[in-house]
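In what follows, a structure is listed as structure tokens, so that the remarks can point back to it.
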Amino acid sequence: MYKVVIGLEVHCELKTVSKNFSGSRNEYSSLPNSNVATVDLGFPGVLPVANKEAVKKALKMALALNCETPDVITFDRKNYFYPDLPKGYQITQMHKPVGINGYVMINVDGEDKKVLIHDTHLEEDTASLDHFGNYSLIDYNRSGIPLLETVTEPCLHSAKEAIAFLETLRSMFLYCDTSEARSDKGQMRCDVNISLMKEDATELGTKVEMKNINSFNNVKEAIEYEIKRQTEVLESGGKVIQETRR
């Protein structure tokens, strides 16, 4: 009765020696707050300098994703404050990302499907938060690690298609040697946007975003749960509220 519409935003840390805009080491599982420079902490007067290797690897992935690449690459400042963003903004790409209008071919149950890529852009990762009973601790080792975000069009229609795309994308990162793409290390994370629409409808339904899902199995379970939840809301005569869920 309802058609499922899914769009994915996949974040993958790139494999480089140093971070995206500082000389701190891009290294997993070292002592907390040991790979940190003044740029990562957003001290006054800091001057970020783009990591050439990160840009090259981002462009390599853009080409692998069949994207159009720009003549000039620029970075933009996305202002918002969270504890894991010490500068109060994130350096990202809004206007001239490394790739736009791409596609990836996947195979689901023996049938080929083209997944359209809206864009893929290079940005910096946030710090990591460890939550306890009544306090949280921040580890800035991850802050500033080069992060490639790949955004699909809302063209997926099942959890099976979403997982097939994620598995294909991970294989591409490994083949291109641009990332280890290990979910257990937090190197590959996914935001899922999902909505339901009636089969004969011409407009998309109200989308709900699920943030920072850190394994393919959790993506599958989150999609299946959200389909069930939204179906129950619509069947009971209610309206789906646009929101971000964890």
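Annotations for the structure displayed:
- Residues in the stretch 140-170 that are of a type in the set (Ser, Thr, Tyr), out of contact with any strand residue (DSSP E or B) (no Cβ under 6 Å at 6 or more places or on another chain) and open to solvent by less than 30 Å² (accessible area, probe 1.4 Å): Ser143 alone.
- Of all residues in the stretch 90-104 being over 18 Å from Pro154 (Cβ atoms) and loosely packed, with under 15 Cβ neighbours inside 10 Å, the one that is nearest to the chain's Cα centre (by Cα): Met94
- Every condition in (1) in a helix (DSSP H, G or I); (2) touching a Leu at 6+ places or on another chain (Cβ under 6 Å) is met by Lys228 except one, and the failing one is (2).
- Gly186 of a type in the set (Gly, Ala, Ser) and free of Cβ contacts under 8 Å to residues at least 12 places away in the same chain: no
- Among residues of the stretch 31-59 being closer than 14 Å to Gln90 by Cα and in a helix (DSSP H, G or I), the one that is most open to solvent (accessible area, probe 1.4 Å) is Leu41.
- Taken over the stretch 98-123, the residue count meeting the criterion of being in a strand (DSSP E or B) and more than 16 Å from Glu149 (Cβ to Cβ) is 9.
- Yes/no for Asn212 being modelled with pLDDT of 95 or more, within 16 Å of the chain's Cα centre (by Cα), assigned to a strand (DSSP E or B) and among the polar types (S, T, N, Q): no
- Scanning the stretch 188-207 finds one or more residues that are touching a helix residue (DSSP H, G or I) at 6+ places or on another chain (Cβ under 7 Å) and over 23 Å from Arg170 (Cβ atoms).
- Residue in the stretch 156-163 that is touching a Gly at 6+ places or on another chain (Cβ under 8 Å) and closer than 20 Å to Thr69 by Cα present: no
- Filtering the stretch 171-194 to residues that are open to solvent by 60 Å² or more (accessible area, probe 1.4 Å) and closer than 24 Å to Arg245 by Cβ leaves only Asp184.
- Any hit, the stretch 14-30, residues being part of a loop (DSSP other than H, G, I, E, B), free of Cβ contacts under 8 Å to residues at least 60 places away in the same chain and surrounded by 15 or more Cβ atoms within 10 Å (Cβ to Cβ): no
The values are calculated or read from the model by the stated rules, or taken from the named source; none is laboratory data. As the structure is a computational prediction, the values presented were derived from the model and not from experiment. We place every Cβ from the backbone using ideal geometry, glycine too, and count neighbours over all the protein chains shown. Side chains included, ligands, DNA and RNA excluded: accessible areas come from the protein's heavy atoms. Shrake-Rupley method; radii C 1.70, N 1.55, O 1.52, S 1.80 Å.
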